[in-house]
Amino acid sequence: MFLGKVVGTVWATRKDEELVGMKLQIVKHIDLDYKLKDTFVVAVDSVQAGVGDVVLVTSGSSARQTALTKNRPVDAIIIAVVDKLDIVVKT
Amino acid sequence: MFLGKVVGTVWATRKDEELVGMKLQIVKHIDLDYKLKDTFVVAVDSVQAGVGDVVLVTSGSSARQTALTKNRPVDAIIIAVVDKLDIVVKT
Amino acid sequence: MFLGKVVGTVWATRKDEELVGMKLQIVKHIDLDYKLKDTFVVAVDSVQAGVGDVVLVTSGSSARQTALTKNRPVDAIIIAVVDKLDIVVKT
Amino acid sequence: MFLGKVVGTVWATRKDEELVGMKLQIVKHIDLDYKLKDTFVVAVDSVQAGVGDVVLVTSGSSARQTALTKNRPVDAIIIAVVDKLDIVVKT
Amino acid sequence: MFLGKVVGTVWATRKDEELVGMKLQIVKHIDLDYKLKDTFVVAVDSVQAGVGDVVLVTSGSSARQTALTKNRPVDAIIIAVVDKLDIVVKT
């Protein structure tokens, strides 16, 4: 899984019927200091994450292993809202 | 999923029989300012996207979770035409 | 899928029994001007592509969705020989 | 699989129900001299690895092939704690 | 699939039970001149490759399509020992 921050939302009227009703969040990758990177993915959301939340995202076929995404053409899903990163080893 | 723009089409007469009848779109990656990157993929299309459209693309096994692509050797599919990106968090 | 050019062949006597009889083509990635990149993959071939051909390659589990590769340890397959790239949007 | 070192833990109260009870470890990639890279993933753990351990991580759908992760939205799992890297070929 | 060279072995006593008895080889990526790159993966081995061998590696779910790896948490497998690369197209 990777860490990211929800920075916005994708609006799309014309879409595959399997996606109807799913919120499409834009998630930028972050580093362990919560700093935003330039790269991002669009993910659906199983935990009602809001814009600004730090989140955990699962990719690939594993993104389909939830009630929301089973058998749907989805390759990224927000599976947790992160409370805290506990970093012990620095170097 | 990733964001891209349809920039053209691949023409191929000799192809695997599972691909017959499928339009093969060339999709360049874009950033959140809609600027084209140099990288691209070739994707099939479940939403009749046209050249110039900003689109959402699903990759990997999830690209086979549509009526069009089920059990076919396809690893990228256009699943939505994007109306708008709503970016709230900037940094 | 990605675009590439067949530049050569891998010869291997000792191989997994599921690969016996399969031609292993070396495919370099190309850009939209047909220029070779440095990166490459080794792919099996469902369309009898020859050295020098511009081809379309499917990766991952989708590479196993052909009669030739079903249930085999193959993660890349040539699925089409490209006739032409029709690029409309330049920037 | 890739080699990494466990550097910390992710805390998340709000998460997909399939993840409840799973420890989420932050694993930085390492090179063959055990030096930490900047990149990292978040992985669940099937072998009780601790912070500071050098570990082996499986990604993608293969990360779901354990009793712990079967049918769960998990795309990375620690499958071994590494005792030693035995490097024979240097160049 | 990608080309690599076996440079060493991973030793791990504590590991997922599905991995017991599997040899874990360290495979560095190579280019078409057989030159080692810095990147590497850890792969299991279905063809008894030895250290120093040039090999072909399958990744992802396709790595589980052998008798040795079926249903196991393995995402990379050596499927052939390479005798020769026959490169015809240079530019």
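The values are calculated or read from the model by the stated rules, or taken from the named source; none is laboratory data. Please read these numbers as outputs of a predicted model, since none were measured by experiment. Note: ideal-geometry Cβ built from the backbone for every residue, glycine included; neighbour counts use all protein chains shown. Note: accessible area is taken over every heavy atom of the protein model, side chains too, but ligands, DNA and RNA are not part of it. Shrake-Rupley method; radii C 1.70, N 1.55, O 1.52, S 1.80 Å.
Couple of notes before you dig in:
- Residue, farthest from A:V89 (Cα to Cα), within region D:75-91, restricted to residues that are touching a residue at least 12 places away in the same chain (Cβ under 8 Å) and surrounded by fewer than 24 Cβ atoms within 10 Å (Cβ to Cβ): D:I87
- Qualifying residue in region D:57-80 (condition: of a type in the set (D, E) and at pLDDT below 95): no
- Residues in region E:25-36 that are in contact (Cβ under 8 Å) with a residue 24 or more places away in the chain and assigned to a strand (DSSP E or B): E:Q25, E:V27, E:K28, E:H29, E:I30, E:L36.
- Of all residues making up region A:38-61, the number that are loosely packed, with under 12 Cβ neighbours inside 10 Å and of a type in the set (D, E, K, R): 1
- Residues in region A:54-63 that are closer than 14 Å to D:D75 by Cα and either among the basic types (K, R) or more than 7 Å from chain D (Cβ to nearest Cβ) (or both): A:V57 alone.
- Qualifying positions in region E:62-74 - open to solvent by 20 Å² or more (accessible area, probe 1.4 Å) and under 21 Å from E:K15 (Cα atoms): E:R64, E:A67, E:L68, E:K70, E:N71, E:R72
- For E:V10, the conditions (1) touching an Asp or Glu at 6+ places or on another chain (Cβ under 6 Å); (2) buried (at least 20 other Cβ atoms within 10 Å of the Cβ); (3) not small (G, A, S) are fulfilled apart from (1).
- Across region C:27-37, the qualifying residues are those that are more than 25 Å from E:V81 (Cα to Cα) and in contact with a Gly (Cβ under 8 Å, 6 or more places away or on another chain), and the one among them that is most open to solvent (accessible area, probe 1.4 Å) is C:L32.
- Here is the figure for region A:64-91: residues that are more than 30 Å from B:R72 (Cβ to Cβ) and at the interface with another protein chain (Cβ under 7 Å from one of its Cβ atoms) total 11.
- Residues that are within 21 Å of A:T9 (Cβ to Cβ) and either away from chain C (no Cβ under 12 Å) or of a type in the set (S, T, N, Q) (or both) within region B:25-45 comprise B:H29, B:D31, B:L32, B:D33, listed in sequence order.
- The set of residues in region E:55-81 that are under 16 Å from C:F40 (Cα atoms) and out of contact with any Pro (no Cβ under 7 Å at 6 or more places or on another chain) comprises E:V55, E:L56, E:V57, E:S59.
- Residues of region B:7-24 include none that is over 15 Å from C:D86 (Cβ atoms), facing another protein chain (nearest Cβ under 7 Å), in a strand (DSSP E or B) and of a type in the set (V, I, T).
- Of all residues in region E:37-47, those that are in contact (Cβ under 8 Å) with a residue 12 or more places away in the chain and either polar (S, T, N, Q) or within 24 Å of D:L36 (Cα to Cα) (or both) total 6.
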